[in-house]
Amino acid sequence: MIEIKNVSKNYGEIQALKNVSFEINSGELFGLLGPNGAGKTTLINLLNTYLPLKAGSITINGLSIKSDVKELKQIMGVVPQEISLYEELTAMENMKFWGNNYRIKSEILKDRIEYYLKLTGLYKRRHSPVAEYSGGMKRRLNIASSLLHEPKILMMDEPTVGVDPQSRNYIFELIEKLHEEGRTIIYTTHYMAEAERLCERIAIIDYGKIIALGTKEELYKILEHKNALHLTFIDKIDSEEVQKIVPEFDIRKKSKNSVYISGDNLIKRIPNILKKLEQYKNETVDIHIIRPNLENVFLQLTGRELRE
Amino acid sequence: MKVFNLIKKDIQIFLKSKSSVVLTYLVPMILSLVFGLVFGGVGGSSGMNEIKILLVDGDKTEISREFTSALDSLPELIVNTEYTKNDSTYLLDVKTMDELIIKGKRGLGIYIPAGFADKLKQGTKLPLEIHYDPKNQIQYGMVNGLLQKTIMSKFPMVMLNGLMSKSEEFLGKARHEMFQSEMETTIKNYFPVGEGDVMKGSTGSLPAEAPNIFDNPLEIEQVKLLGEEKSNPMYSQYVAGMAVLFLLFSVTYSGASLLEEKNAGTIKRLLISPISRGQILTAKMIFTSIVGISQLTVLFIFGWLVFGLNIFQAIPTLLVLIVVTSLACSALGIFIAAICNNLRTVQSLSTLIILTMSLLGGSMVPTIVMPKYLQTVGKFTLNYWAMHGFNSIFWRNLHLGDIMLDVAVLFGIFIVFYFTGVRIFKKRLVTY
Ligand SMILES: Nc1ncnc2c1ncn2[C@@H]1O[C@H](COP(=O)(O)OP(=O)(O)O)[C@@H](O)[C@H]1O
Ligand SMILES: [Mg+2]
């Protein structure tokens with residue numbers, strides 16, 4: 001179990017983490033979801049001892065992050081946000097190098113290298129220099145090289161940034177497999193769909209604060225209204241004009257020509273809404289129902305969209 | 001073993017980059033070849049300071065003493081006939097003179113053999129020995145010229161005798177005697193000199209081996225004390241300079257690779273693994289030194305193959321010097337990388353430091369052509385001590401005991417730069 005208590009972190013003037021406290025259970029696939037600059041990497045770097053912890057306390061499986069660094073390093077694996085590989089070296093050479101930083105018998109290491117290269121679909125290209133890899137392949141190797149010491153706790157910092165769909169699927173399947181093997185995984189992302197698909201519990205982080213935490217079902221409960229309608233008009237709209245037409249619903253502007261409409265019994269009242277909109281000078285060109293999602297949770301909590 | 005793993009990785013990366021291999025080994029070879037060829041001939045040079053030379057007077061006559069002080073009074077020369085040992089001063093002998101030259105304390109010494117004054121009176125060619133280190137070919141040429149000038153101005157009768165013998169050859173004996181007596185009368189008429197003072201030596205028959213005046217009146221025996229077998233003496237002088245210069249460039253490259261790793265994030269990953277900052281820096285230092293040692297070794301072997309550089313006469317001493325020089329340079333490289341924030345600063349700062357040091361320290365131009373104060377400044381460079389050490393081995397056939405000071409200074413440079421570099425780097429490896 002990972003216990004994070006009252007953790008704060010400043011970079012000079014910037015408060016990257018503000019009094020963060022939560023727990024991650026053993027064996028859990030835990031998501032840390034938040035926009036760029038929210039403080040995800042900072043928290044990961046405190047957890048993996050790269051950054052010194054000065055305010056608050058963190059224990060991992062009962063070991064203190066301050067005093068038990070040696071033991072912790074053996075059980076932790078970190079997939080850094082940046083691709084941290086030697087581009088000049090081949091995948092094989094990188095794997096050997098990173099593996100040899102831990103005490104692993106050479107025959108065992110050899111088998112594991114083969115196993116993880118196959119698992120990430122890189123075995124055939126194992127003798128090519130990393131510089132010749134695609135972005136997705138580099139990401140996969142970035143993950144594979146963190147697994148050689150078979151860490152019980154795995155921290156993955158945005159491991160799918162900039163990858164092709166094929167690589168993304170490889171990575172998701174890999175993570176699910178690692179999770180089934182009983183590892184604790186902390187997964188950070190700014191893609192809400194990834195967190196929804198993969199994670200058992202999710203903490204939403206914004207401006208260094210945890211603003212919500214729970215399973216996705218628990219998080220959806222935060223939403224005032226379960227569903228929403230996404231209405232797109234042919235021309236630019238003024239959300240106040242739309243509000244006047246349907247005063248009994250909540251209107252939130254989505255883009256210059258679209259809005260979200262939400263309210264009680266929304267689905268049943270769709271014909272009613274559409275009828276009322278007929279009198280609006282702006283023609284409705286698209287309508288669809290939006291199921292509850294973390295995007296909307298974030299939107300409701302912060303008034304901002306998660307993307308960008 | 002983790003340090004070994006780190007070093008292995010750096011070597012793998014190094015060997016995969018063709019440009020760094022070429023830059024480390026091939027370019028210095030080619031450049032030292034060019035330098036060796038360019039400076040292989042006689043190096044004409046101007047603007048030198050006065051040359052300090054040694055002199056042993058084996059003749060010990062009025063005339064030899066006069067000759068000695070005439071040389072000393074020349075603005076170009078400072079002549080020492082004595083040496084001090086344990087606070088006492090002794091007159092130089094040939095053996096001590098040679099030792100001093102071999103040790104590089106002086107570039108050159110003159111030996112006036114017994115019989116010098118007699119030969120002068122007879123008007124025959126004057127015997128002199130110049131003992132020197134062939135590295136100082138330029139000094140030798142200058143001193144040789146100065147000796148001739150001094151002889152001709154101080155002891156003109158030597159030249160006159162030559163003139164006489166030429167005229168006898170041309171005019172025949174009878175007419176020559178006529179010419180001679182007429183000359184004598186003419187000179188007596190115009191100059192207040194006593195009978196017989198003119199052309200003292202030429203009365204009676206002329207010496208058989210009277211010098212041709214168009215020749216050098218001196219019969220100088222060259223005694224090359226060192227490096228006689230070297231096929232290209234100037235090359236040896238330059239190879240050490242070149243080697244140190246390129247060593248500095250290649251070590252800053254590998255020092256800078258620490259910054260590169262920091263930017264690429266691999267340092268971060270290393271620090272997350274069970275690896276300490278100390279191990280990372282130690283490994284980088286060892287790797288850099290390995291590159292340096294291999295570079296110097298390759299370059300010296302090349303020098304031996306092409307220019308007959310004398311690398312075998314003191315192998316252990318040479319190895320010690322190669323190692324400390326590489327350590328000192330590597331530490332400097334790490335230090336430069338440590339104080340810079342990015343690769344571009346490393347490049348420009350290291351180029352500035354390396355070129356300045358190499359110029360002042362004698363890697364590019366022999367320090368002897370520089371003004372005195374610059375020569376003193378030059379002693380504060382790594383290049384000076386490394387080159388001094390290497391030249392002591394290649395030229396003076398000296399051994400470990402004799403280059404202890406060079407080794408100590410270089411080791412000191414290593415300690416100072418490495419430990420300050422590491423201190424700074426340890427703080428900067430992580431950006432909090
Ligand atoms: N080394 C640093 N120096 C100064 N500020 C930093 C540093 N690293 C991160 N920050 C700032 O801290 C905040 C959190 O950054 P980070 O943890 O990287 O966010 P995330 O990973 O969620 O995108 C941001 O405002 C970022 O600009
Ligand atoms: Mg981040």
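FYI, it's all coordinate maths here, none of it is from the lab. If you're wondering where the values come from, they're calculated on a predicted model, not measured in any experiment. A quick note on method: Cβ atoms are made from the backbone with ideal geometry, for glycine too, and the neighbour counts reach across all protein chains shown.
Per residue, how much space in cubic angstrom lies within the convex hull of the C-alpha atoms of the stretch A:1-59?
Numbers: hull volume 4.8 nm³, N = 59.
Each residue corresponds to 81 Å³ of Cα convex hull volume.
Only helical DSSP H runs with n ≥ 4 go in: add -39500 (n - 2.57) per run for chain A, normalise by residue count and round the 222 nm mean residue ellipticity to 500 deg cm²/dmol. Walk me through the numbers before you get to the answer.
On the way: 11 runs with 101 residues, N = 308.
Counting only the DSSP helices, I get -9500 deg cm²/dmol.
Taking beta carbons within 10 Å but only from partner chains, what does the mean come to for residues A:46-54? Write out the running numbers ahead of the final one.
Values: counts 0, 0, 5, 2, 6, 3, 2, 0, 1.
Per residue, the number of nearby Cβ atoms from other chains is 2 on average.
Apply the a/c threshold of 1.5 to the C-alpha gyration tensor of the stretch A:58-111 and tell me whether it is rounded, prolate or oblate. Working shown, then result.
Working: a/c = 3.43, a/b = 1.66, b/c = 2.07.
In terms of gyration-tensor shape, oblate.
Check which residues have an amide H placed less than 5 Å from B:LEU77's amide H, if you skip close sequence neighbours.
Excluding prolines and chain starts, which carry no amide H, the hits are B:ILE51.
Within 10 Å of each candidate Cβ there may be at most 13 other Cβ atoms; applying that plus a DSSP loop requirement, which trypsin sites (Lys or Arg not before Pro) in the stretch A:181-257 survive?
Values: sites: A:ARG183, A:ARG197, A:ARG201, A:LYS209, A:LYS216, A:LYS221, A:LYS226, A:LYS236, A:LYS244, A:ARG252, A:LYS253, A:LYS254, A:LYS256; in loops: A:ARG183, A:LYS221, A:LYS226, A:LYS236, A:LYS256.
Loop-located and lightly packed - A:LYS221, A:LYS236, A:LYS256.
In what sequence, highest mean first, do A:111-124, A:39-52, B:320-333 appear when ranked by Cβ atoms within 10 angstrom? Could the numbers behind the result be given before it?
On the way: A:111-124: 17.3, A:39-52: 22.1, B:320-333: 26.9.
Result, highest mean Cβ count within 10 Å first: B:320-333, A:39-52, A:111-124.
How large is the translational diffusion coefficient of the stretch A:232-277 in µm² per second when you combine the Kirkwood radius over alpha carbon pairs with Stokes-Einstein at 25 °C and 0.890 mPa s?
Numbers: Rh = 10.8 Å.
Translational D for this selection: 226 µm²/s.
Label-point separation (nm) for B:GLU221 and A:ASN257, each offset 7 Å from Cα along Cα-to-Cβ?
Simple spin-label model gives 10.9 nm for this pair.
Checking the cross-link filter: which lysines have an alpha carbon closer than 18 Å to that of A:LYS5, excluding same-chain neighbours under 8 positions apart?
Qualifying lysines at Cα under 18 Å: A:LYS18, A:LYS40, A:LYS54, A:LYS66, A:LYS209.
First select every other residue whose beta carbon is under 11 angstrom from the beta carbon of B:ILE13; then total the charges, Lys and Arg +1, Asp and Glu -1. Provide the component values of the computation, followed by the final result.
On the way: positive: B:LYS8, B:LYS9, B:LYS16; negative: A:GLU87, A:GLU88, A:GLU93, B:ASP10, B:GLU260, B:GLU261.
Within the 11 Å Cβ shell, the charges total -3.
When 1/r is averaged over all different Cα pairs and the result inverted, which Kirkwood radius in Å belongs to the stretch B:349-432?
14.4
Filter the cross-link list B:LYS9/B:LYS268; B:LYS18/B:LYS427; A:LYS96/A:LYS124; A:LYS9/A:LYS216 down to pairs whose alpha-carbon distance in this structure exceeds 22 Å. Present the calculation step by step, with values, prior to reporting the outcome.
Details: B:LYS9/B:LYS268 16 Å; B:LYS18/B:LYS427 33 Å; A:LYS96/A:LYS124 16 Å; A:LYS9/A:LYS216 27 Å.
The pairs that break the limit, which is 22 Å between Cα atoms, are B:LYS18/B:LYS427; A:LYS9/A:LYS216.
Counting only other chains, what is the mean number of Cβ atoms within 10 angstrom of the Cβ of each residue in peptide B:10-16?
Working: counts 1, 0, 7, 6, 1, 1, 7.
So the per-residue partner count for this stretch is 3.
What dipole magnitude, in Debye to the nearest 20, does the stretch A:2-220 give about its Cα centre under +1 on Lys/Arg Cβ and -1 on Asp/Glu Cβ?
Values: 28 positive and 28 negative charges, 98 e Å.
I would put it at about 480 debye.
Taking each residue in A:105-112, count the Cβ atoms of any other chain within 10 Å of its Cβ, then average. What number comes out?
On the way: counts 0, 0, 0, 0, 0, 0, 0, 0.
Going residue by residue through A:105-112 and averaging, the value is 0.
Quick one: work out the % antiparallel among DSSP beta bridges in the protein assembly as shown, nearest 5. Show your work: numbers first, answer last.
Working: 43 of 76 bridges.
Percentage antiparallel, nearest 5: 55.
Once the Cα gyration tensor of the stretch B:287-362 is diagonalised, what are the square roots of 5 times its eigenvalues, in whole Å and ordered largest first, as equivalent ellipsoid semi-axes?
Numbers: eigenvalues 156, 39, 23 Å².
That gives 28, 14, 11 Å for the three semi-axes.
Give the Rg (one decimal place) followed by the Dmax (whole number) of the protein assembly as shown, computed from C-alpha coordinates and expressed in Å.
42.7, 150
I want the antiparallel fraction of DSSP beta bridges within chain A, as a percent rounded to 5. Write out the running numbers ahead of the final one.
Details: 35 of 53 bridges.
Of those bridges, close to 65 percent are antiparallel.
How big is D, in µm² s⁻¹, for chain A by Stokes-Einstein at 10 °C and 1.306 mPa s if Rh is the Kirkwood radius over C-alpha pairs? Before the final figure, lay out each step's value.
Values: Rh = 21.6 Å.
For these conditions, the coefficient is 73 µm²/s.
Which of A:ASP68, A:ASP238, A:ASP164 moves the most in a Gaussian network model of chain A with Cα springs under 10 Å?
Looking only at A:ASP68, A:ASP238, A:ASP164, the largest GNM fluctuation is found for A:ASP238.
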